[in-house]
Amino acid sequence: MRGITRKWRPPLALVIGGTLAAVLTLPILGIVYLRLWGNILGWGEAAWLVGWIAMVATAVLGFLLWRLVLRPIYALTAYARAMKAGTPVEAPDHFGTPELSALGASVMSMGQSLNSRAEGMRAYANHVTHELKSPLTAMRGAAELLEDGAGAEDTAALSRTITQAAARMQDLLDDLARHAQASQGAGPGSCHVAEALEGMEHSIPVTLVEDGPLPLAAEDLRTILTQLIRNAAEHGAEEVTLLATRDRLAITDDGPGISAGNKDRIFDPFFTTRREAGGTGMGLSIVRGLVQARGGRIALASGDNGATFIIDFG
């Protein structure tokens, strides 16, 4: 989505106030002008001149209202209708007044968010269908073998297969529920990183180098840190370092890092390099959902050692 071009435009209050002032003063000026110049130019000529001045002033005011108010509203309406219909359309890049610019930015952001959620729901549905197929197939195969009268030793193995497949399905469903909750978050709030770290248990040491305020509720930040620290530990890291400034947080680990081939996929739902170990691939997707729910961004920073995730709300 293109950004809105920042140009100076008069505030909407000034446009409306100027129009009302012109509507009020033009007739008064016309009467005064007619009385002053009627005897000099003649009443007919003075009336014609006043009429032309009124027409020109009206045309100028009409053009300004169309350019600063009506045209932006029409463009925003067309954009909203196209977004609703799912038709690709280029977003307007400027609006007439600061108030309409703020409204346009909010509408475009809302449209982009709704489209992203719709695309995400389709992607999640496809991923869930794919991910649940494997355990369901294993359960179905084991059940058929049990029905055929497997031996005692085989029965125990098949039972373990069913139990493991059911546990896998439960893990996937639990992570999906957490991902759905992440899109909402705990609500508006702010906290320091030290507040979120209080009471947290870590499998590896965590060092807070610098603390700062973040526009996240402590519960949401605690969930984000838990996921990222757990992810680092599971991939071989021995320590995680946190550096926070206003509206920005860097999470760095000393693990082996992330390969170039996986960097573009790590936030995709169900993508994991630990599938055999029970990984569901939803941890980083949950983190991104929580960050985006509060209007932030998370990205993997490039580096030679370990992995560094940057969360930015600026």
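The values are calculated or read from the model by the stated rules, or taken from the named source; none is laboratory data. These figures come from a predicted structure and were not determined experimentally. Neighbour counts run over all protein chains shown; Cβ positions are idealised from the backbone, glycine included. Accessible surface areas use protein heavy atoms only, side chains included; no ligands, DNA or RNA. Shrake-Rupley method; radii C 1.70, N 1.55, O 1.52, S 1.80 Å.
All but one of (1) modelled with pLDDT under 75; (2) under 30 Å from ARG297 (Cα atoms) hold for TYR79, so report the exception by its number.
Here TYR79 clears every test but (1).
Among the residues of the range 116-138, how many are at pLDDT below 70 and either open to solvent by 50 Å² or more (accessible area, probe 1.4 Å) or under 23 Å from the mean Cα position of the chain (by Cα) (or both)?
Summing the residues that are at pLDDT below 70 and either open to solvent by 50 Å² or more (accessible area, probe 1.4 Å) or under 23 Å from the mean Cα position of the chain (by Cα) (or both) in the range 116-138 gives 14.
Taking the criterion of being within 30 Å of PRO27 (Cα to Cα), open to solvent by less than 60 Å² (accessible area, probe 1.4 Å), of a type in the set (A, V, I, L, M, F, W, C) and at pLDDT 75 or above, would at least one residue in the range 90-100 satisfy it?
Checked against the condition, which is being within 30 Å of PRO27 (Cα to Cα), open to solvent by less than 60 Å² (accessible area, probe 1.4 Å), of a type in the set (A, V, I, L, M, F, W, C) and at pLDDT 75 or above, the range 90-100 yields no hits at all.
Name the pairs: first residue in the range 50-74 and under 22 Å from PRO11 (Cβ atoms), second residue outside any helix (DSSP H, G or I) and among the hydrophobic types (A, V, I, L, M, F, W, C), Cβ to Cβ under 6 Å, at least 6 apart or on different chains?
The qualifying pairs are PRO72/PHE95.
Just checking, which of GLY261, GLY257, GLY314, GLY295 is in a loop (DSSP other than H, G, I, E, B), in contact with a strand residue (DSSP E or B) (Cβ under 7 Å, 6 or more places away or on another chain) and modelled with pLDDT under 85?
Every option except GLY314 fails the conditions.
Could you please let me know if GLY141 is open to solvent by less than 60 Å² (accessible area, probe 1.4 Å) and modelled with pLDDT under 75?
no
Is there a residue in the range 203-218 that is in contact with a helix residue (DSSP H, G or I) (Cβ under 9 Å, 6 or more places away or on another chain) and part of a helix (DSSP H, G or I)?
Yes; the residues of the range 203-218 include at least one that is in contact with a helix residue (DSSP H, G or I) (Cβ under 9 Å, 6 or more places away or on another chain) and part of a helix (DSSP H, G or I).
Please go through the range 264-289 and give me each residue that is at pLDDT 80 or above and open to solvent by less than 30 Å² (accessible area, probe 1.4 Å), ordered by number.
Listed by number, the residues that qualify are LEU284, VAL287.
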